[in-house]
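Each value in this text was obtained by applying a stated rule to the coordinates, not by laboratory testing. What you are looking at is a predicted structure, and each value in this text was computed from that prediction instead of being measured. Here the Cβ is made from the backbone with ideal geometry for all residues, glycine too, and neighbour counts use every protein chain on show.
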């Protein structure tokens, strides 16, 4: 799974990325600080199942703290996008191509309204962030349309018989942007184009299909960033009123990064997503002032910096993933003695057989049965798994 981090230049996108991954990246208040995409690891939170087995887990990847499993995910921070990016403005085509493998997008918006559509400073409250939400989604939709149009002449001439052939044809062409058969079929159904010949599609229908496919294959969560700036609070209310069907989460990448750096240096005790921190050492006046501002302007108002909340809701709500723990009825540890070493993120609706293939191809091919370890209950290959299931796969070895 890959999560794309997008936004206009100087929206605080790279600060958000750095706060989520603790990777040092170029951060500056001018456009195109980021040119090449930055890749790093963030974490999403899952209530660990170790307490239900009365054991202490030893994750091979990520970590577990106070009963909360922090499961790694890949984040990619692409360069800032400007209006007409799909036409190549500001190297937009190249930057959009960096998003091809992303399953879901986090749109980091400057909620303070302190930068214009090009990312240039204009002073807090002097730009409407609603325009940023509208233009960026439009750019990505038009990028999808451009890919469809590029192949349309060839596509529309290929004779297809039946909906399955149509779905397969479009999936072959659009697989590079997440157009698998399931997503294609869903988009065709929602746009009422499943039974219509490609050669009969109008320009408006192609645009509607492109938008619908993007919404399905790359859903967007809006991170209303820079909430540490006073003008952001009113803008947040306006954004939520305007886009009631969108997930909009207040956050401050600046505050999260400040807290994590202070924790890393041993000045404070802080856990990502927490509403508070504890001082461990005496701070100088500058440090005291900074952390006081973070507490008053962010933590006290919003109960967290919002960065961790954005990651969690992006994966478990927008993308609809669930967490599954590989386990055994008789043994919870792997061959090296690690207890409940893995936590696997899977799409909602995944079956026991899907999980077997995710673990190893041989497990899928040799699948015999699965066991719900919590209930010590045998389940079949088509059994739909639930969030936080602990599953053992019984298979025939090749």
Inverse of mean 1/r across different Cα pairs in region 325-395, Kirkwood, Å: 12.0 Å
Find the eigenvalues of the gyration tensor of the Cα atoms of region 142-215, then list the square roots of 5 times those eigenvalues as equivalent ellipsoid semi-axes, largest first, in whole angstrom. 15, 14, 13
Short to long, in 10 Å steps from zero, the percent of alpha-carbon pairs of region 298-338 per bin is 22, 26, 24, 21, 6
Cα-based Rg / Dmax (Å) for region 74-207: 17.5, 58
So what's the back-of-envelope 222 nm ellipticity for the chain, counting only DSSP H runs of four-plus at -39500 (n - 2.57) apiece and dividing by all residues, rounded to 500? -10000 deg cm²/dmol
Fewest-first ranking of 157, 69, 303, using other Cβ atoms within 10 Å as the exposure measure: 157, 303, 69
Compute the separation of the alpha-carbon centres of region 160-206 and region 213-281 and state it in Å as a whole number. 37 Å
Name the residue, out of 84, 98, 282, whose mean-square fluctuation peaks in a Gaussian network model built on the chain with Cα pairs under 10 Å. 282
Can you tell me the order of 10-19, 187-196 when each peptide is scored by its average per-residue count of other Cβ atoms within 10 angstrom, highest first? 10-19, 187-196
Assertion target for 214, 388, 45, ordered by fewest C-beta neighbours within 10 angstrom first, is 388, 45, 214
Please find, in a Gaussian network model of the chain (springs between Cα atoms separated by less than 10 Å), the residue of 81, 145, 155 whose mean-square fluctuation is greatest. 155
Just to be sure I understand: with springs between alpha-carbon atoms less than 10 Å apart, which residue in 265, 233, 117 has the highest mean-square fluctuation in the Gaussian network model of the chain? 265
Scattering profile of the chain at q = 0.10, 0.13, 0.14 Å⁻¹ [log10 I(q)/I(0), Debye over alpha-carbon scatterers]: -0.76, -1.15, -1.25
When a footprinting reagent is the concern and you count Cβ atoms within 10 Å, what order do 152, 143 take, fewest first? 152, 143
Principal axis dimensions, region 158-301 - Cα atoms, whole angstrom, descending: 74, 31, 18
